[in-house]
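What follows is one structure encoded as structure tokens, with my remarks underneath.
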Amino acid sequence: MTELMTPPRSGGCRNAPVLKQRGQREVFCGLTGIIWLHRKMQDAFFLVVGSRTCAHLLQSAAGVMIFAEPRFGTAILEESDLAGLNDAHAELDREVATLLARRPDIRQLFLVGSCPSEVIKLDLTRAAERLTQQYAPKVRVLDYSGSGIETTFTQGEDACLASMVPVLPTTEARNLVVVGALPDVVEDQMLALIDGFGIDTVHVLPSRTIDSDIAIGANTVFALTQPFLGDTHAALIRRGARHIAAPFPMGEEGTTAWLTAIAAEFGVSDEVFETVTSAPRRRARQAVAKAAETLNGKSVFFFPDSQLEIPLARFLTRECGMTALEVGSPYIHDAIHGPDLDLMPAGPQISEGQDVDLQLDRCREARPDLTVCGLGLANPLEAEGLSTKWAIELVFTPVHFYEQAGDLAALFARPLRRKSILGVAAE
Amino acid sequence: MKLTVWTYEGPPHVGAMRVATGMKGLHYVLHAPQGDTYADLLFTMIERRDHRPPVTYTTFQARDLGADTAGLFKKACQDAYDRFKPEAIIVGASCTAELIQDDPGGLAETMGLPVPVIPLELPSYQRKENFGADETFFQIVKHLAKPTEKTARVSCNVIGPTALGFRHRDDVAEITNLLFELGIEVNVTGPMGATPSDIARMGQAHFNVLLYPETGEMAARYCEKEFGQPYTKVVPIGAGATHDFIAEIRAMSGSTVQLDDDRLRQTWWSRSVDSTYLTGKRVFIFGDGTHVKAAARVARDEMGFEVVGLGCYNREFARDVRALAKEYGVEALITDDYLLVEKTIEDLQPEMILGTQMERHIGKRLGIPCAVISAPVHVQDFPARYSPQMGFEGANVLFDTWIHPLVMGLEEHLLHMFRDDFEFNDAAGPSHHGGAVQHAKPEPETAPEAATADNVIWLRDAERELKKIPFFVRGKARRNTECYAAENGVFEISVDTLYEAKAHFAR
Ligand code: SF4
């Protein structure tokens, strides 16, 4: 088998003490996931049951608004809905009826819970069951929570995928399920690699349409492509599937480690593995090396945002020569993040959760060359002379697997290159 | 419950943030879940602010709900005071916190903070962003402004500008300068740029200049009652309105200083022969009430357009805008339903839209040029250059930005003459916009029968003839022909019908 990733000699970060502070968290809520999920699932509609704030968040987080009529919307609760829950259910049924009449292309409807719907205890599971009965078999109605009191940013995707697991058909066949929403082009690359290994029963969750033949059972193994899928991981295990633990497929090393774990599970020979991966590995190394020229020897500080922080820090420290000063993540889940933590050289402060003001103090004190943070913090930190990378771009841009490894490194290199260019011009 | 796809206004606490972020030395403690912190990016990204908004969110989670969210609020409040040492604090609840009824105002009051604490009651399930800003500024003024002696020289306050406002930065500069030229000092400008101690001395001014009724009218009314300060009713957008505004200021201040309006180029630009092609352009106007009212006047009286429809998204201005629509002989569209606005525009087929960023996208889809005249804002609405909407320079800016999306005068004729030229044809769009602009232009002709509804059918020849008409008048030609056909009981539109209609509607 191909040489395994060597853990750092100094020891990894898996057992490093984790700093946990409780204060203001500067993160999006899980509703944000709708922005990319609705692009991925082409026959799905996401109906948030919430407030004007929820609608405004979706619109603002989408940044450039996608003004074609999108496959998401917010049923905004009004005074009268707060007064009586029965009426709220009736209202919801009415809105759904209008929506489905207007959009006959919709095959899956997600009722997405928000903070207000949860605080008033509007039972969307009950509503989803009722509506499923009414609209089956044409439309499947599911519910999940994207609320800010329950979910942080990418956890919205986790909750959405987890809601689908119980309704997937059962199979006794041995199959591989790859879990996590990836841009189509990246997903196709990934499937081509796995196909090259000769593994032929592969499914993807979420699939592009409801008609895919994905099924789960005791002989299912699954791999995650995104590090924020804790609940989906648990839901799949409850259905008897087994997780193939691995570092995440970001960067050349991460992708190789991820594929190695799958190859080992399916008994793929070294020769086959080599044939399939050697060319893209070489390309990835070359592309990363180019961007790494800018990154080499620079320091990086991660604010918690998407839960991608740990695999990204592993990539930047091992493949791009950067030093991580602090790696913050909203949540750390050992079964999922452990393999990446093992590989990341000891040294950085690992932190979970946030008190944003205290963390800003630490960041200013550390003066990293690059700060990875949310949109609310980026310009203020730039104004203080710190270079920043918006974390949200990492969720919206294709960054996984070999062919994107160079782009991933370049995303981090760009702010530094820009700063040096503008610096020269200003003199 | 109401299904919403895109919204024109955020929730009321975002309005309160616009006030707090515009001011200095004020801090806002907002009882809200973590996701509501998205609102920071409106200011740091759209407006490119180099500081975080002065807002502390309590970011309570589900597990706190059964426990002590009130304690969490008090801790956040104390921490915010200790860290930021503001001159005053405003406290309030977002939509979720409103439901858990912790009463942030009451809690903060018991804490004995050494600065004024102003509680906000912003009903999230009834009202919206503009109300939030208006009410917040009113509460701040009510709590902080004290009756005092008037300044010796005649002075005024400038009321209404906020953070994230549509061109507020430059409007304030333009109007402050205009007032200065009239010999009037500005006592306080607020909320934008004011500290709580500035607000305290607002009573010194002799009168108030209300630039944005949406976000400042309640405060202006309060000051009129409490401090005997009359306030201006004319919003100086456009040349005519600016002259009226100056007359109003003269009446309030007694100023007789002669003004030099050489800088006002718009009137001559509009009269010069190249502008002839603007005559009778059919425009649809939509935005906030104040900007729509001003734009309608400029469109008709200063540009020579024909206003074919208008409306606003803020119900607070429904009455004004209905009256205005009556005066213009059109139906007022009062709605915050984006799909309804789109439908109205599709039906009216105007040659141009004066709207918000939302209508700009509608225009893109329908192939109708659009100039942006009002919030909601987008990063493009914060240009690096000086670009006011108000005063003399504002009138110049309006002229330039409104005609920019249109095909220029002579170019229009050339398009008629060479409509089949392979590079200079109407599908290429206005030549000064590069090639890309018109690509995403689905002609409404995919469903001509459906569009006409009352079963008027376009014969193939007529359809082909219609396509030869340049895109920027094609919508009008289609509509006129269909109207003509309907009025004359014609069910099939032939080439003849097309030209009959053209003759009928010729001006
Ligand atoms: S945090 Fe809650 S209330 Fe705020 S946008 Fe998210 S779901 Fe809606």
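The values are calculated or read from the model by the stated rules, or taken from the named source; none is laboratory data. Since we're looking at a predicted model, the values are computed, not measured. All Cβ positions, even for glycine, are placed from backbone atoms using ideal geometry, and neighbour counts span all protein chains on display. Just the protein is used for accessible areas: all its heavy atoms, side chains included, with ligands, DNA and RNA removed. Shrake-Rupley method; radii C 1.70, N 1.55, O 1.52, S 1.80 Å.
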Just from its helices, what would the mean residue ellipticity at 222 nm be for chain B, if runs of 4 or more DSSP H residues each count -39500 (n - 2.57) and the sum is divided by every residue, rounded to the nearest 500 deg cm²/dmol? -13000 deg cm²/dmol
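Figure the gain on full extension for B:E346 and B:H404 (residue separation times 0.36 nm, minus the Cα-Cα span) and round it to one decimal in nm. Working shown, then result.
Working: separation 58, 0.36 × 58 = 20.88 nm, distance 2.18 nm.
Answer, rounded to one decimal: 18.7 nm.
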Run down the lysines and flag those whose C-alpha is under 22 Å from the C-alpha of B:K85, throwing out any fewer than 8 positions away in its chain. B:K24, B:K74, B:K75, B:K142
Please turn the phi angles of region A:11-19 into ³J(HN,Hα) values with the Karplus equation 6.51 cos²θ - 1.76 cosθ + 1.60 (θ = phi - 60°), one per residue in order, whole Hz, x for glycine and proline. x, x, 10, 4, 9, 5, x, 9, 7
Treat every Asp and Glu Cβ in the protein assembly as shown as -1 and every Lys and Arg Cβ as +1, leave all other atoms uncharged, and give the resulting dipole magnitude about the Cα centre to the nearest 20 debye. 940 debye
Amide H of B:W458: which non-local residues (sequence gap of 5 or more, or other chain) have their own amide H closer than 5 Å, using H built in the peptide plane? B:I493
Theoretical FRET efficiency, 1/(1+(r/R0)^6), r = Cβ-Cβ of B:D260 and B:K233, R0 30 Å, to 0.05: 0.75
Using a Debye calculation, one point per C-alpha and no hydration shell, please list log10 I(q)/I(0) for chain A at q = 0.09, 0.11, 0.13, 0.14 Å⁻¹ in order. -0.58, -0.87, -1.18, -1.33
Tail weight of P(r) past 18 Å, computed on alpha-carbon pairs of region B:12-130, percent: 47 percent
Got a sec? Charge dipole of the protein assembly as shown, +1 on Cβ for Lys and Arg, -1 for Asp and Glu; which of B:G309, A:L325, B:V14 is way out at the positive end? A:L325
Please report the accessible area of B:D496 (heavy atoms, 1.4 Å probe, ligands and nucleic acids excluded) in Å², nearest 10. 110 Å²
Which angle from 0 to 90°, rounded to the nearest 10, does the C-alpha axis of helix A:155-164 make with the longest principal axis of chain A? 50 degrees
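Using only the C-alpha atoms of region B:145-253, find the volume of their convex hull and express it per residue in Å³. Provide the component values of the computation, followed by the final result.
Details: hull volume 9.8 nm³, N = 109.
Residue-normalised Cα hull volume stands at 90 Å³.
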Among A:G146, A:V177, B:W268 - extreme Cα towards positive end, dipole of the protein assembly as shown, charges at beta-carbon: B:W268
Per residue, the convex hull enclosing the alpha carbons of chain B has a volume in Å³ of 162 Å³
How far apart, in nm, are two points set 7 Å out from the Cα along the Cα-to-Cβ line at B:L459 and at B:S275? 4.4 nm
For A:G353, other-chain or 5+-apart residues with amide H closer than 5 Å (H placed, Pro excluded) are A:S329, A:Y331
For chain B, the longest principal axis of the Cα atoms and the Cα long axis of helix B:318-328 enclose an angle in degrees, to the nearest 10, of 30 degrees
Could you work out the mean projected area of the convex hull around the alpha carbons of region A:1-124, in square nanometres to one decimal? 13.7 nm²
Over the alpha-carbon set of region A:186-302, work out the extent along each principal axis and list the three values in angstrom, largest first. 46, 37, 26
Between A:N15 and A:H243, with labels modelled 7 Å along Cα→Cβ, what's the label distance in nm to one decimal, could you check? 2.1 nm
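Counting only GluC sites (Glu not before Pro) that are in a DSSP loop and have at most 16 other C-beta atoms within 10 Å, tell me the longest site-free stretch of chain B. If you can, show how the numbers build up before the last one.
Numbers: sites that count: B:E121, B:E149, B:E331, B:E423.
By the stated rule (loop sites, at most 16 other Cβ atoms within 10 Å), B:150-330.
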What are the ³J(HN,Hα) values, in whole Hz, obtained from phi via the Karplus relation 6.51 cos²θ - 1.76 cosθ + 1.60 with θ = phi - 60°, for each residue of region A:107-122 in sequence order, with x given for Gly and Pro? 10, 10, 10, 9, 8, 10, x, 10, 4, x, 5, 6, 5, 7, 6, 7
Neighbour cut-off at most 15 other Cβ (10 Å), DSSP loop, GluC sites (Glu not before Pro), region A:234-312: none
Near-label residues of region A:179-201 by backbone N, under 17 Å of a point 7 Å along Cα→Cβ of A:R283: A:183-197
What FRET efficiency do you get for B:H143 and A:A383 if R0 is 30 Å and r is their Cβ-Cβ distance, rounded to the nearest 0.05? 0.45
Contour minus Cα-Cα span, B:C483 to B:E306, at 0.36 nm per residue, comes to 62.0 nm
Inter-probe distance in nm under a simple model that places probes 7 Å from Cα toward Cβ, at A:I421 and A:A218: 5.9 nm
Report the full-extension gain for the segment B:N177 to B:R221: residue separation times 0.36 nm, less the Cα-Cα distance, to one decimal in nm. 13.4 nm
Span per principal axis, largest first, for the Cα atoms of region B:457-506 (Å): 27, 23, 14
About its Cα centre, what dipole magnitude does region B:71-209 give when the only charges are +1 on Lys and Arg Cβ and -1 on Asp and Glu Cβ, stated in debye to the nearest 20? 200 debye
To the nearest 20 debye, what charge dipole does region B:243-392 have about its Cα centre, counting +1 at the Cβ of each Lys and Arg and -1 at the Cβ of each Asp and Glu? 120 debye
Separation of alpha-carbon centers, region A:383-427 and region B:308-322, rounded to whole Å: 45 Å
Return one quarter of the surface area of the convex hull spanned by the alpha-carbon atoms of region B:249-325, equal to its mean projected area, in nm². 7.0 nm²
Compare the Cα positions of A:V372, A:G353, A:F401 along the charge dipole of region A:337-404 (+1 at Cβ of Lys, Arg; -1 at Cβ of Asp, Glu; about the Cα centre) and return the one farthest towards the positive end. A:V372
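What does DSSP give for the protein assembly as shown in terms of the percent of beta bridges that are antiparallel, rounded to the nearest 5? Write down the numbers at each step before the final one.
On the way: 6 of 93 bridges.
Taking every DSSP beta bridge with both residues in the protein assembly as shown, the antiparallel ones total about 5 percent.
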Which cross-chain or sequence-distant (5 or more) residues have an amide H under 5 Å from the amide H of B:C370, H modelled 1.01 Å from N in plane? B:I353
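How many percent of the alpha carbon pairs in the protein assembly as shown exceed a separation of 47 Å? List each step's numbers first, then the result.
Values: 143729 of 435711 pairs.
Across the protein assembly as shown, Cα pairs with separations above 47 Å total 33 percent.
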Degrees between helix B:168-181 axis and first principal axis of chain B (Cα, 0 to 90, nearest 10): 80 degrees
Candidate lysines - alpha carbon under 28 Å from B:K502, same-chain residues fewer than 8 apart omitted: B:K281, B:K326, B:K343, B:K364, B:K441, B:K467, B:K468, B:K476
